[in-house]
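Presented below is the structure to which this report refers.
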Amino acid sequence: MNLLSGRGTLIRARALEASTLLEIDRANLRHMMQTDAALGEIFLKAFVLRRVFLISNSVGDAVLIGSREFLARNGQPHSYLDVEVDPDVQTVLDQFEIPIADIPVLICRGTVALRNPSNSEVAACLGLNAGIDQADVSDVVVVGAGPSGLAAAVYGASEGLKVLVLEKNAPGGQAGSSSRIENYLGFPMGISGEELSNRAFVQAGKFGAHIAIAQSAMGLKSNLPPYTVELEGGGSVRGQRVIIAAGSRYRRLDLPNLSQLEGVGVYYSAAHVEATVCRDQEVAVVGGGNSAGQAAVFLAGTAKHVYLVVRGPCLAKTMSRYLISRIEANPRITLMAWTTIEALEGGTHLKRVRLHNTKTGANETRDIQHVFMMTGADPNTEWLRGSLTLDAKGFIKTGAEVQDGWPLHRPPYLLETSLPGVFAVGDIRSESVKRVASAVGEGSMVVQFVHKVLAE
């Protein structure tokens, strides 16, 4: 897997008897996988199964103490030491002279210890990015590796475009944090957002797309191609065309100690890592949309009890019917309507939650140590203000919505923004349908428009 993405190797092997070795470099391996279907399938199966083995057996070149969301979401094999229960934690901390206050800690290759590192520092230490040549110009730069961005990468790279994808956190976006997606075409048994994202990530790498992790876009410059995307922390990349698939982010509740409890009791995703942490304990899921419903149903399989906290009277207007039926039928899930979280109590970890019923005015405190926030979303467009036309809620206008003031003789394409050659797809686009299938459809559709613009 690392050979496809250009990252450093995780393991070494030694032959136990006389052997013959065939060395294949990255470029030739990719060519072989793209042109020979049978060999390509053998390699992909082997690579995926090896990565699954490494992750499931905690084999890798990193040891993590503390929050593990970034590494888990990026499918990075590592050893994990639980601060609360692992007896070896203090020994490791003492060896590196690390106080508890500096957790989370990442130890790379047994030599470098990063204390409370940023995602970009983690990515650099582990070699998650093969490096970006800032003098290079891609055919298309895709900002965001959610379902729409990954679809654009797969279809663009498979059609011969030189594609660079910038992702702030991990492939999959909000969909990647979904515990189980059951209304996506072709998966009657459902599929987790993480698995769907990982498959798309492998597909994009197979066709030659370059996906840079922990690279956050901070600005869009130039009114003519090649366009420049400025990066957080300095530097920039250039592309003849740009596809903006930066999606949206969950709204954060206005609570004074929220930030200090994030990752230690407050979470914004509900996948297998989080389910393991809160096994046999009471948890709260905040939100009334499909993501909240999927999280509640998934967590009910391992948690002692799940409280689904919603501001309104019911779920009918915001959640798919199949999820509502499952919630109503599950004795481990309690719907708390007309309810908000008024306070979070705890120091280094969440201990209790104070709830407020807006209809009756009653308050109650529960010993809940795990809260999953899924409270609606805002578009990630702050970095685009002044560059593109946005609607009143901050979503990007496209197509017919940007005809006024359009600078070219031809009309804008369906997914084209107010800047010719810059497109928006997925949740970040005004009037988009907030579904995984719709995002994937837009990501695949936009490639044909990119080809048309490149041919102009």
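The values are calculated or read from the model by the stated rules, or taken from the named source; none is laboratory data. Remember, it's a predicted structure, so these values are computed and weren't measured experimentally. Neighbour counts are summed over all protein chains in view; Cβ atoms, including those assigned to glycine, are modelled from backbone coordinates with ideal geometry. What goes into the accessible areas is simple: the full protein's heavy atoms, side chains included, and nothing from ligands, DNA or RNA. Shrake-Rupley method; radii C 1.70, N 1.55, O 1.52, S 1.80 Å.
What tally of residues in region 188-223 results from selecting those that are among the polar types (S, T, N, Q), out of contact with any strand residue (DSSP E or B) (no Cβ under 6 Å at 6 or more places or on another chain), open to solvent by 20 Å² or more (accessible area, probe 1.4 Å) and farther than 26 Å from PHE298 by Cβ?
Number of matching residues: 1.
Answer yes or no: is there a residue in region 296-308 that is part of a loop (DSSP other than H, G, I, E, B) and more than 27 Å from GLY75 (Cβ to Cβ).
Within region 296-308, one or more residues are part of a loop (DSSP other than H, G, I, E, B) and more than 27 Å from GLY75 (Cβ to Cβ).
How many residues are under 24 Å from the mean Cα position of the chain (by Cα) and hydroxyl-bearing (Ser, Thr, Tyr) if we restrict to region 293-317?
1
Pairs, please: C-beta under 8 Å, at least 6 apart or cross-chain, first residue within 20 Å of VAL264 (Cβ to Cβ) and in region 90-111, second hydrophobic (A, V, I, L, M, F, W, C) and open to solvent by 60 Å² or more (accessible area, probe 1.4 Å)?
Every condition considered, the pairs that remain are LEU93/ILE100.
Quick check: anything in region 287-294 open to solvent by less than 10 Å² (accessible area, probe 1.4 Å), more than 30 Å from THR417 (Cβ to Cβ), of a type outside the set (S, T, N, Q) and free of Cβ contacts under 8 Å to residues at least 40 places away in the same chain?
Checked region 287-294: at least one residue is open to solvent by less than 10 Å² (accessible area, probe 1.4 Å), more than 30 Å from THR417 (Cβ to Cβ), of a type outside the set (S, T, N, Q) and free of Cβ contacts under 8 Å to residues at least 40 places away in the same chain.
How many of the residues in region 123-164 are of a type in the set (Val, Ile, Thr) and modelled with pLDDT under 95?
Summing the residues that are of a type in the set (Val, Ile, Thr) and modelled with pLDDT under 95 in region 123-164 gives 1.
Cβ contacts < 6 Å: first residue farther than 21 Å from THR228 by Cα, restricted to region 385-404; second residue among the charged types (D, E, K, R), any location; separation 6+ or different chain. Result?
ASP391/LYS397
How many of the residues in region 62-83 are among the acidic types (Asp, Glu) and touching a residue at least 24 places away in the same chain (Cβ under 8 Å)?
Going through region 62-83 one residue at a time, the tally reaches 1.
Being open to solvent by 50 Å² or more (accessible area, probe 1.4 Å) and either closer than 21 Å to ASP427 by Cβ or not basic (Lys, Arg) (or both) is the filter here; which residues of region 154-181 pass it?
Scanning region 154-181 gives TYR155, SER158, GLU159, GLY160, LYS168, ASN169, ARG180.
Report the residue count in region 120-153 for those that are open to solvent by 40 Å² or more (accessible area, probe 1.4 Å), more than 27 Å from MET374 (Cβ to Cβ) and among the small types (Gly, Ala, Ser).
4
Could you say whether any residue in region 396-416 is open to solvent by less than 40 Å² (accessible area, probe 1.4 Å), within 29 Å of GLU262 (Cβ to Cβ) and modelled with pLDDT of 95 or more?
yes
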